[in-house]
Amino acid sequence: MKRATVLACIVALSVILGACGKDGSGGGAPQAATPAVGANPVEEASARAGAGASSATANEPARNVGFPTVGSAQLPRQAVETLQRIGEGGPFPFEKDGVVFGNRERLLPRHPRGYYHEYTVPTPRARDRGARRIVCGGPKRQIDDCYYSDDHYASFKRIAG
C-alpha cells in the first residue's frame, strides 16, 4: 500500500513539474523565439530588411523580397514552354492546368483566394504530372508574377525575365 501511495505521489509531482513553464509565463529557462507555424518568408525577410530597404511601394506587394529568383533562361525547356502557353492562354496538356492555387502553406505572398493559378511543367519520362509546377498570380495569361517549384510546392523561386 505504501508503494502505491509513493508511486502516485511521484507521478503527480512529475506531472506538476512537467507542466511548469508551458504557458509561457516564465518559471523555466528562457527559450529562443521560434517562428509561428505558417510564417510567411516574404514578411520575415521584409521585416529584417528594414523599412527603407524595400523597393516596393505601400500599395505594391514586395514580390522580390525573400525569394530566390531564377531567370527564364535557367528554367528547364519544359518550364519555358509552359510559361509561353500561360501567356498565350493555352492549350495546356493537363486538365488541372489553370486551376486556382490555394497557397495554403503561405509560402507565396498573401493575396485573396483566386489570385494564384497553377500549371504543370511536364517531367520527361514521368508517368504522372510529376512534381514541377509554375504558379502565376494575377489574371490568367499574365506572367509577370510567376513562381517555379521543382519539388511540388515545398519551395519556390520567382521567375525573373
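Readers should treat all values here as calculations from the given coordinates under stated rules, not as data from a laboratory. The model shown is predicted, which means the values in this text are computed figures rather than measured ones. In this analysis, Cβ positions are derived from the backbone assuming ideal geometry, glycine residues included, and neighbour counts consider all displayed protein chains.
Arranged from fewest to most other beta-carbon atoms within 10 Å of their beta carbon, 134, 143 become 143, 134.
Using the Cα atoms as the points, what is the convex hull volume per residue of segment 68-160 in Å³? Taking only Cα atoms, segment 68-160 has a hull volume of 91 Å³ per residue.
In this Cβ point-charge picture (+1 for Lys and Arg, -1 for Asp and Glu), segment 68-160 has a dipole of about 160 debye about its Cα centre.
Ordering 133, 141 from the fewest to the most neighbouring beta carbons within 10 Å gives 141, 133. Count Lys and Arg as plus one, Asp and Glu as minus one, and take only other residues whose Cβ is under 11 Å from that of residue 156; the net charge is then 0. Residues 128, 97, arranged from fewest to most other Cβ atoms within 10 angstrom of their Cβ, appear as 128, 97. I want the local charge near residue 126. Using Cβ-Cβ distances under 13 Å, sum +1 for each Lys or Arg and -1 for each Asp or Glu among the other residues. Local net charge: +3.
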